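Taking it in order: structure first as structure tokens, then the write-up.
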Amino acid sequence: MGKVFFVASGFIEFLLRRILGFAVILLVLSLMIFALARVVPGDPARMAMGPSASAEQVEAMREQMGLNDPLPTQYFRFLSGAVRGDFGVSLISGRPVTEQILRLLPATLELVLVTLLLMMVLGVPLGVLAARYRNGWVDTLLRLISMVGVTMPAFLVAILLQLFAAFYLSDWPLLGRIDRGIELPGGPTGLLLIDGLLAGRLDVVRSALQHLAFPAFALALSGIGQIMRLTRSAMIENLRRDHVQTLRSFGVPDRVVTFRYLLKLSSIAPLTIMGLEFASLIGNAFVVEMVFAWGGFASHGLESIMQNDLNAVMAVVMVSGIFFVLANLAIDILIGVIDPRLRLKEGR
Amino acid sequence: MALLDIRDLNVSFTSYGQRTHVLRDVSLKVGEGQRVALIGETGSGKSVTSKTVLNTLPGNASVESGQVFWRGTDLLTRPDREREKLKGIEMSVVMQDPLSSFNPVFTIGHHLDSVLYWADRRAGRRRGRAERTAHIRQVLRKVQLADPDRVIAAWPAQLSGGMRQRVLIALALMNRPAMLIADEPGTALDVTTQDEILRLINDLVTEEGLSLLMITHNLGVVRMTADYVYVMRKGVIVEHGPLKQIFEAPQTDYCRELIGAIPPLYGAAVKDQPLSGEPPLVKLENVSKRFTRRHLLRRDETVDAVRNVSLEVPRGEIFGIAGESGSGKTTLARMVMGMLGATEGEIVIDGVRLTDHAEGRIDRRMAQIVYQNPGTSLNPKRTVAQTLDVPLHFAGLDKAARARRTDELLERVDLPRHFASRYPHELSGGQKQRIAIARALAADPKLIVLDEPTSALDVSVQKRVITLLEELRSDLGLTYLFISHDLSLMRNFCSHIAVMLRGEVVEQGTPAEVFADPRHPYTRALIAAVPVITDAEDAAKPVVTEAEKKRFLVSSAA
């Protein structure tokens with residue numbers, strides 16, 4: 001029993017270290033965002049008051065927004081607000097920034113999660129297949145496809161898919177997250193698939209899936225290619241290992257060695273990439289969100305930047321950062337579950 | 001009728017359109033209950049032979065002609081599916097490297113169960129999981145693993161090398177095969193562990209009435225585990241006969257050379273290196289190194305890698321540090337190199353205190369190192385000239401001087417000048433090690449640390465490298481710090497020897513003294529475990545009791 005605890009405590013320590021590290025990352029990120037917001041041209045107070053306001057009015061606004069306080073004071077005000085989830089009000093709409101984000105975040109989150117699922121579900125098995133038949137026609141074909149997938153920009157794929165749907169699939173929804181006629185289930189997560197399932201509303205799930213399919217695929221394509229290649233090279237690398245020879249020498253069938261023993265070992269590398277993919281997806285989803293009129297967090301971030309809505313931009317970047325950190329933590333836990341060496345190795 | 005009867009086997013490999021003949025008319029027999037050894041150096045084709053028998057040849061290999069009879073049936077004419085059924089059931093292989101032979105993300109039990117499950121499937125048997133586990137437990141006990149349940153539940157990384165080697169043997173025994181093919185078992189392990197493993201294999205072969213095909217390059221191992229010997233060279237069986245005949249009256253030059261290349265442990269042929277009688281070049285006084293592993297939740301762990309070591313290495317001598325893995329000998333060498341700082345104590349090289357310098361800032365013209373594996377210590381993407389350029393550049397030589405010195409260095413290590421433009425993969429193991437030696441010589445050091453410089457090489461190559469090192473020492477007046485676990489080599493090559501156990505020097509003196517009368521039981525155990533090639537040497541070995549072994553050796557059975 002003591003042994004089990006020992007092993008577990010090693011892993012918990014490993015995770016604690018990561019969490020501490022991530023806290024530092026977030027702190028540095030907050031500093032950078034704050035600094036950035038102070039160096040970009042344009043006066044937030046002027047922005048908020050509009051071009052017709054007088055200099056006195058703007059100055060009064062500056063005072064009200066605390067822009068005349070010393071920078072450290074401003075930073076700590078921003079930080080303590082951020083910790084409480086309060087990023088102030090939008091300079092454009094005047095509504096709390098957090099409220100807007102909470103409204104839009106689930107849409108992007110749902111899109112990104114489905115995209116990641118697609119990447120894993122398609123990328124890894126295709127990579128295994130390519131490795132198994134390496135240098136054969138299957139491999140060549142898959143490598144070609146992955147090359148195309150990686151190089152094609154997501155918005156192009158999105159537009160092509162939309163055109164395809166418009167011409168050939170008459171009933172297929174082209175825009176938005178769900179059919180207009182459907183009453184939203186309104187659940188705890190804001191993710192239509194999960195809320196729909198929780199409420200037992202299969203019509204919601206079905207419609208949401210239809211709407212998700214093309215945007216998610218457009219977004220996933222480059223990732224699928226990347227993960228496929230990563231899995232392929234990890235598999236080929238591992239195929240040369242002695243332990244493959246061990247099992248084969250004792251007559252364990254090739255397919256078992258490949259799909260069971262090697263797959264688990266080779267999934268570590270693509271998983272690591274997934275954490276990074278998640279972050280870039282949250283940021284890059286806007287192109288696809290634009291094309292499909294998704295109305296999500298990512299496109300909101302873009303709009304805020306275009307409108308110089310500093311409070312909103314800061315909030316969007318901060319929230320993206322938090323998700324990046326959370327995703328990587330989740331991946332670390334997952335890899336720890338897969339790879340015992342990580343659990344056994346404690347401390348440094 | 002012999003169990004295994006290979007006749008006139010010819011195998012070739014095709015790579016990049018080029019065909020290489022790797023086996024030429026190989027004939028070999030293993031009788032029922034016979035212990036046969038196949039000896040050969042790297043690339044001689046011994047592993048290809050075993051792979052042909054097992055049907056695990058890579059895709060680019062093809063059998064040109066010949067027969068492989070198993071109980072009278074020619075395996076080469078049978079379909080793969082049928083040959084597959086023999087694997088692990090009729091003949092089993094004991095894998096070479098216990099450290100890499102298990103998939104790190106599956107438990108040991110998972111590997112064992114998988115092999116058993118598929119063997120059952122092929123044999124048309126049905127057994128439940130519990131039944132299989134019971135069988136696995138039984139086999140693990142047979143290889144003297146005391147706590148089978150712990151082994152079954154363990155991840156590969158949790159077991160020592162010796163334990164993993166035992167599990168590999170268990171894998172091979174799982175389905176009561178008629179023949180074991182052992183491919184260099186235990187060579188990756190410490191001598192004492194290797195000794196245990198070989199004894200275990202011997203016992204099992206006798207108890208279970210198995211036939212054994214032992215594939216190895218180590219003649220000492222052959223003497224322990226075989227009755228009949230085949231000697232292979234460049235894909236050809238050059239000589240075969242009963243063990244006694246091959247060892248005592250070899251017929252071919254090659255065999256004589258092979259046997260002559262092995263450094264003797266005892267007897268008249270042993271060479272004593274003269275003492276230089278000069279003042280010490282390197283002086284260690286009460287040197288300790290403690291590594292600390294920091295923890296968040298628990299108290300920090302500390303490992304005392306080196307404890308209170310005091311040594312004096314006289315100028316011009318070859319000072320050997322013997323010990324098994326984890327004894328602290330490499331840590332000690334790194335401290336002498338100035339790559340690690342000592343936690344306590346003082347290291348003085350040529351009158352300069354190392355502790356006065358920050359880690360890694362030591363003058364490179366003082367000490368250089370030659371690593372164990374030339375295959376990994378040379379950058380594969382750099383030519384020989386580029387590799388040698390690095391130390392020369394830091395020695396402050398200009399381009400012309402560097403080119404001159406490169407030629408000179410190559411000449412020093414007996415390699416032709418045009419090797420300067422070669423890449424490591426174009427060189428043999430021995431040639432690579434010569435380059436590594438040349439690199440160490442480049443900056444004209446006073447001291448060279450040799451970290452098991454020949455353990456990755458074949459004996460005949462080892463002999464030539466050792467001769468080169470001896471020449472260089474007398475020509476250039478070098479001092480060597482020689483780290484090794486090969487005691488028979490150290491007996492002949494060192495002028496001084498220190499034995500390390502768990503970070504401490506437990507015994508030191510001249511090899512003649514230490515080997516004639518080893519005081520410490522650990523030294524005795526180490527010497528006793530060396531596989532030797534004559535009965536006389538075996539008889540001259542010190543005696544070590546089981547109780548002493550228990551106290552000082554790490555058991556691989558627990």
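The values are calculated or read from the model by the stated rules, or taken from the named source; none is laboratory data. Here the structure is a predicted model, which is why all the values come from computation and not from measurement. Here the Cβ is made from the backbone with ideal geometry for all residues, glycine too, and neighbour counts use every protein chain on show.
Which of the residues spanning the stretch B:66-115 are on the phi > 0 side of the Ramachandran plot and within 12 Å of chain A (Cβ to nearest Cβ)?
B:GLY88
Just checking, how many residues over the stretch A:225-248 are among the basic types (Lys, Arg) and facing chain B (nearest Cβ under 7 Å)?
Looking only at that region, the number is 2.
When you scan the stretch A:1-67 for helices (runs of 4 or more DSSP H) that lie fully inside it, which ones turn up with 2 or more residues that are at pLDDT below 75 and farther than 30 Å from A:VAL325 by Cα?
Of the helices (runs of 4 or more DSSP H) lying wholly inside the stretch A:1-67, those with at least 2 residues that are at pLDDT below 75 and farther than 30 Å from A:VAL325 by Cα span A:2-39, A:44-49.
Can you tell which of A:MET318, A:MET290 is touching a residue at least 24 places away in the same chain (Cβ under 8 Å) and over 16 Å from the mean Cα position of the chain (by Cα)?
Testing whether each residue is touching a residue at least 24 places away in the same chain (Cβ under 8 Å) and over 16 Å from the mean Cα position of the chain (by Cα) leaves just A:MET290.
Being assigned to a loop (DSSP other than H, G, I, E, B) and crowded, with 20+ Cβ neighbours inside 10 Å is the filter here, so list the residues in the stretch B:326-339 that pass it.
Residues satisfying the conditions are B:SER327, B:GLY328, B:MET337, B:GLY338.
Where the second residue is among the basic types (Lys, Arg) and the first is outside any helix (DSSP H, G or I) and lies in the stretch B:192-212, which pairs have Cβ atoms under 7 Å and are six or more apart or on separate chains?
From residues that are outside any helix (DSSP H, G or I), the pairs are B:LEU212/B:ARG35.
Out of all the residues in the stretch B:165-177, is one or more more than 13 Å from chain A (Cβ to nearest Cβ) and out of contact with any Phe, Trp or Tyr (no Cβ under 6 Å at 6 or more places or on another chain)?
yes
Could you please let me know if A:SER280 is within 14 Å of chain B (Cβ to nearest Cβ) and of a type outside the set (Val, Ile, Thr)?
Spelling it out, it is not the case that A:SER280 is within 14 Å of chain B (Cβ to nearest Cβ) and of a type outside the set (Val, Ile, Thr).
Just name the residue that is nearest to the other protein chains (Cβ to nearest Cβ) out of those in the stretch B:277-314 that are among the basic types (Lys, Arg) and within 21 Å of B:SER484 (Cβ to Cβ).
B:LYS289
Give me the residue from the stretch B:72-119 that is of a type in the set (Val, Ile, Thr) and touching a residue at least 60 places away in the same chain (Cβ under 8 Å) and, out of that set, farthest from B:LEU4 (Cα to Cα).
Initially, the stretch B:72-119 is screened for residues of a type in the set (Val, Ile, Thr), giving B:73, B:77, B:89, B:93-94, B:105, B:107-108, B:115.
Narrowing the set further to residues that are touching a residue at least 60 places away in the same chain (Cβ under 8 Å) leaves B:89, B:93-94.
Numbers: B:ILE89: 14, B:VAL93: 14, B:VAL94: 17 Å.
In this case the residue turns out to be B:VAL94.
Failed condition for A:ALA279, given (1) at pLDDT below 80; (2) part of a helix (DSSP H, G or I); (3) closer than 30 Å to B:LEU171 by Cβ, with all others met?
(3)
For the stretch A:28-42, give me each residue that is touching a residue at least 24 places away in the same chain (Cβ under 8 Å) and either of a type outside the set (Ser, Thr, Tyr) or at positive phi (or both).
Within the stretch A:28-42, A:LEU29, A:LEU31, A:ILE33, A:PHE34, A:ALA37, A:ARG38, A:VAL40, A:GLY42 qualify.
On the given criteria, is A:LEU281 buried (at least 24 other Cβ atoms within 10 Å of the Cβ) and in contact (Cβ under 8 Å) with a residue 24 or more places away in the chain?
It is true that A:LEU281 is buried (at least 24 other Cβ atoms within 10 Å of the Cβ) and in contact (Cβ under 8 Å) with a residue 24 or more places away in the chain.
Can you list residue pairs whose Cβ atoms sit under 9 Å apart, with the first residue in the stretch B:510-522 being part of a loop (DSSP other than H, G, I, E, B) and surrounded by fewer than 20 Cβ atoms within 10 Å (Cβ to Cβ) and the second being modelled with pLDDT under 90 and among the polar types (S, T, N, Q)? Count only pairs 6 or more apart in sequence or on different chains.
Sorted first by the residue in the stretch B:510-522, then by its partner, the pairs are B:THR510/B:GLN273.
I'm trying to understand the selection: among the residues of the stretch B:8-37, which are part of a strand (DSSP E or B) and of a type in the set (Ser, Thr, Tyr)?
Residues of the stretch B:8-37 that are part of a strand (DSSP E or B), as a first pass: B:8-15, B:18-30, B:35-37.
Within the stretch B:8-37, B:SER12, B:THR14, B:SER15, B:THR20, B:SER27 meet the criteria.
Quick grid of which residues meet (1) under 19 Å from A:LEU111 (Cβ atoms); (2) crowded, with 22+ Cβ neighbours inside 10 Å; (3) in contact with a Lys or Arg (Cβ under 9 Å, 6 or more places away or on another chain):
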{"residue": "A:ASP203", "(1), (2), (3)": "no, no, no"}
{"residue": "A:GLN210", "(1), (2), (3)": "yes, no, no"}
{"residue": "A:ALA216", "(1), (2), (3)": "yes, yes, no"}
{"residue": "A:ALA220", "(1), (2), (3)": "yes, yes, no"}
{"residue": "A:GLY223", "(1), (2), (3)": "yes, yes, no"}
{"residue": "A:GLN226", "(1), (2), (3)": "yes, no, no"}
{"residue": "A:SER233", "(1), (2), (3)": "no, no, no"}
{"residue": "A:ARG241", "(1), (2), (3)": "no, no, no"}
